[in-house]
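To start, the structure under review is shown below, and the notes come after it.
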Amino acid sequence: MARVDEVVDGIYRICTTVQLPDTEFQFNQFLINDERPALIHTGMYGLYEGVRDGVAEVLDPGKLEYVILLHFEADENGGMDRFLEGAPNSALACSALSAILNLSGWNYSGRIEGHMEGEVIDLGRHKLRFLETPHVHHWDSMMLFDETTKSLFPSDLFIQPGDQPPVVTENLGRMMCEYYRQIGIFAHDKPVRDVVDRIEALDPDWIHGMHGGSLGRETIPYFSRALREESVGYTGKLLGREVLPS
Ligand SMILES: [Fe+2]
Ligand SMILES: [Fe+2]
């Protein structure tokens with residue numbers, strides 16, 4: 001059962017907490033309630049019913065116009081077919097690279113929009129600008145910036161493991177970096193730090209990560225500082241398992 005909270009002005013966090021062997025872990029989707037409603041990340045295929053019911057607490061899931069994935073991975077878009085099927089006027093929006101690399105050449109035949117840096121989806125009051133952020137974890141990775149609420153949707157950057165409240169105010173920056181070193185989702189620090197600079201220039205009021213709680217503007221610097229001071233690049237571990245000696 002997903003928990004639903006409005007974080008800021010029409011942006012709802014739909015959160016499912018699961019128990020992993022060593023920690024609890026949250027999978028968030030963000031619903032934007034606007035003239036053209038959008039769902040950012042779908043969660044895995046198996047989470048579909050819970051996420052759909054979470055969406056239904058706010059609006060009719062059949063009215064979704066955009067299902068947006070920020071890179072191709074099960075927790076981003078495992079439920080895409082089912083959300084698109086249930087919403088006849090919806091399209092899948094993703095990076096141009098996700099469309100070319102990951103949604104072509106398979107048996108997916110749904111509606112796709114691939115977007116490049118700077119393009120904007122106009123939802124009505126909210127305007128979502130695409131930022132291409134290659135190698136901030138995958139080469140098709142992108143983020144979104146909502147101009148209206150100054151909200152960044154960074155997918156797997158700025159996350160926290162554990163059972164977190166909808167809005168985190170604690171300094172969990174070091175914990176985040178340690179977690180990244182354990183799971184090995186970033187190859188190298190440089191693309192991450194370059195994106196941290198770009199994000200600072202956007203001066204966001206909110207950051208809504210895919211795992212953990214959202215960060216308000218007072219809390220964001222804790223996490224940005226940690227990403228600059230601590231290494232988050234690959235150390236030879238994948239999901240905590242030693243693959244190669246570092
Ligand atoms: Fe990911
Ligand atoms: Fe993720």
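The values are calculated or read from the model by the stated rules, or taken from the named source; none is laboratory data. As the structure is a computational prediction, the values presented were derived from the model and not from experiment. All Cβ positions, glycine included, derive from the backbone under ideal geometry; neighbour counts span all protein chains shown. Areas reflect the complete protein model, heavy atoms only, side chains present, ligands, DNA and RNA absent. Shrake-Rupley method; radii C 1.70, N 1.55, O 1.52, S 1.80 Å.
Please give the calculated 222 nm ellipticity per residue for the chain, where each DSSP H segment of at least 4 residues contributes -39500 (n - 2.57) and the sum is spread over every residue; nearest 500 deg cm²/dmol? Calculated at 222 nm, the ellipticity per residue is -6500 deg cm²/dmol. Computed packing ranks the peptides 152-165, 221-234 as 152-165, 221-234, most packed first, by mean other Cβ atoms within 10 Å.
In region 3-242, Cα pairs under 8 Å separated by at least six residues give a relative contact order of 16 percent. When each of the peptides 113-119, 69-75 is scored by the mean number of other C-beta atoms lying within 10 Å of its residues, the order from highest to lowest reads 69-75, 113-119.
Ranked by the mean number of other Cβ atoms within 10 Å per residue, highest first, peptides 183-192, 15-24, 127-136 order as 127-136, 183-192, 15-24. The charge dipole of the chain, taken about the Cα centre with unit charges on the Cβ atoms of Lys, Arg (+1) and Asp, Glu (-1), comes to about 320 debye, rounded to the nearest 20. The amide H of Leu238, built 1.01 Å from its N in the peptide plane, has Val243 as neighbours under 5 Å, considering only residues 5 or more places off or on other chains. Which of the listed residues, Gly162, Leu101, Tyr12, is farthest toward the dipole's positive end in the chain, when Lys, Arg count +1 and Asp, Glu count -1 at the beta-carbon? The residue sitting most towards the positive pole is Leu101. The string of couplings for region 7-23 from the Karplus curve (6.51, -1.76, 1.60, θ = phi - 60°) is 8, 7, 5, x, 9, 10, 9, 10, 10, 10, 9, 10, 8, 9, x, 10, 7 Hz, one whole number per residue in order, with x for Gly and Pro. Here the accessible area is traced with a 1.4 Å probe on the protein chains. For the chain, carbon and sulfur cover 52 percent of it. Using the 1.4 Å probe convention, the accessible area of region 78-212 works out to 41 Å² per residue with neighbouring protein chains retained. In order along region 125-138, the Karplus-derived 3J(HN,Hα) couplings, from 6.51 cos²θ - 1.76 cosθ + 1.60 at θ = phi - 60°, round to 6, 8, 10, 9, 9, 7, 10, 7, 10, x, 6, 9, 3, 10 Hz, and Gly and Pro are given as x. Shape of region 1-122 from its Cα gyration tensor (a ≥ b ≥ c, root eigenvalues): rounded if a/c is under 1.5, otherwise prolate when a/b > b/c, or oblate? Note, shape of region 1-122 comes out oblate. Going by the alpha-carbon gyration tensor, a ≥ b ≥ c the square roots of its eigenvalues, is region 23-86 rounded (a/c under 1.5) or, if a/c is not under 1.5, prolate (a/b greater than b/c) versus oblate? Prolate shape, in that a/c is at least 1.5 and a/b is the bigger ratio. Centre-to-centre, using Cα atoms only, region 119-139 and region 39-78 are separated by 17 Å. The 3J(HN,Hα) values that the Karplus relation (6.51, -1.76, 1.60; θ = phi - 60°) gives for region 98-108 are, in residue order, 4, 5, 6, 7, 10, 10, 9, x, 10, 8, 7 Hz. Gly and Pro appear as x. For the chain, rounded, prolate or oblate, judged on the Cα gyration tensor with a ≥ b ≥ c (square roots of eigenvalues), a/c < 1.5 rounded, else prolate if a/b > b/c? It comes out rounded by the Cα gyration axes.
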